[in-house]
Ligand code: APR
C-alpha cells in the first residue's frame, strides 16, 4: 500500500497530517457528510452557528453535551495510534478539524485543533476559558461574570483561532510529506492546507474511503479506512516491513 513512496517516506523528516471526522469514524464517532453523517440528521444552521446559539442556547448546549458524552466514551482507534507511534521516527504534526481530542488521547503531542475542542468551554463575554471536568447542573452554564458559557469550538461563519491557524499554515508549508486522512475537504480554510503543502512541493497522500476534490492532486490516494491503512505506514517507517 505504501511501497509506491517508501523511499520518500524513509527520507522524509517532517510529516504533517490533516485529519477530519473520518479518522474517528472507526472509534464510533459519526462523520458529518457521509450516509450516517450528522448533517444528514441535524441542520448545522440550527446547531453550529453563533446565531443558532443565541436563538436557543439550551438546544445547542444539549446537542454538544450529547456529543461530548459520546466522545468521552470513545477510544482512539489504530489510525490515531499509528500516527502517535510515528512520532518515534519522524517529526509529526497533526492539523485536525476534529474536536474530539482522540489524537491527544492516542499519545500524539503536536496536535493543532483548527476547530477547537469539545472538552473546553469559554465565556461569551469575558476571557474565561477552561477544560470541562464535570457535567453541568443546568444549561446553558453561566460564567462567574454572569454571562453564558459556550462550547470552545469554531462554528460556521466564525474564524479559526488565529495562533492555531498561523502555526497550521506554517507546518503545511514546510512539510516533506502531507497525509490527508478522513476529510471531505468541504470546509475552508482547513481545505487550503493541502494546497499550501502542494505549492511547497510536498509529497501528497490521501487516505479516504471516498474521493475528494483534491484526490487528483495526490501522489498516492488510498481508498482505505484510516484504521486499516495507517498501521502499514508505521510498519514501513519503523523497518518492520520493507
Ligand atoms: N477512514 C477514512 N476515511 C473515512 C472513514 C474512515 N473510516 N470514514 C469516513 N471517511 C471519509 C468520508 O469518505 C469523508 O470524505 O471521511 C470524510 C469525512 O468527511 P466529513 O464528514 O465532511 O467530515 P470533515 O471533512 O471532517 O468535515 C469538516 O465540517 O461540519 C464541519 O466542523 C465540521 O470539522 C468539520 C468540518
- With a ≥ b ≥ c the root eigenvalues of the C-alpha gyration tensor of the range 75-119, is it rounded (a/c under 1.5), prolate (a/b larger than b/c) or oblate? oblate
- In what order do 62, 113 fall by count of nearby beta-carbon atoms within 10 Å, going from fewest to most? 62, 113
- Item | Shape of the range 1-64, Cα gyration tensor, a/c cut at 1.5 | prolate
- Task: With only alpha-carbon atoms counted, please give the Rg and Dmax of the chain, in Å.
- Result: 18.3, 60
- Message: Within the range 164-207, list the residues whose amide N lies under 14 Å from a label point set 7 Å along Cα→Cβ of residue 39.
- Response: 183-191
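Pull out the extension gain between residue 238 and residue 199, defined as 0.36 nm times the separation in residues minus the alpha carbon to alpha carbon distance; nm, one decimal.
That pair, residue 238 and residue 199, stretches by 11.2 nm at full extension.
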- So how do 15, 23, 71 line up by other beta-carbon neighbours within 10 Å, fewest first? 71, 15, 23
- Task: Enter the angle in degrees (range 0 to 90, nearest 10) between the Cα long axis of helix 162-173 and the first principal axis of the Cα atoms of the chain, meaning the one along which they spread out most.
- Result: 10
- Dividing the Cα radius of gyration by the Kirkwood radius, what Rg/Rh value follows for the range 52-194? 0.99
- Likely footprinting exposure, 69, 80, 103, fewest C-beta neighbours within 10 Å first: 69, 103, 80
- Query: Percent relative contact order of the range 106-242, based on C-alpha pairs within less than 8 angstrom and at least six residues apart?
  - Reply: 17
- Message: Rounded to whole Å, give me the distance from the Cα center of the range 195-242 to that of the range 156-182.
- Response: 17
- Message: How much of the DSSP bridge set in the chain is antiparallel, in percent, rounded to the nearest 5?
- Response: 30
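FYI, it's all coordinate maths here, none of it is from the lab. Predicted model, so just to flag it, every value in this text is computed and none were measured. When we count neighbours, we look across all protein chains shown, and the Cβ atoms used for this are built from the backbone with ideal geometry, even at glycine.
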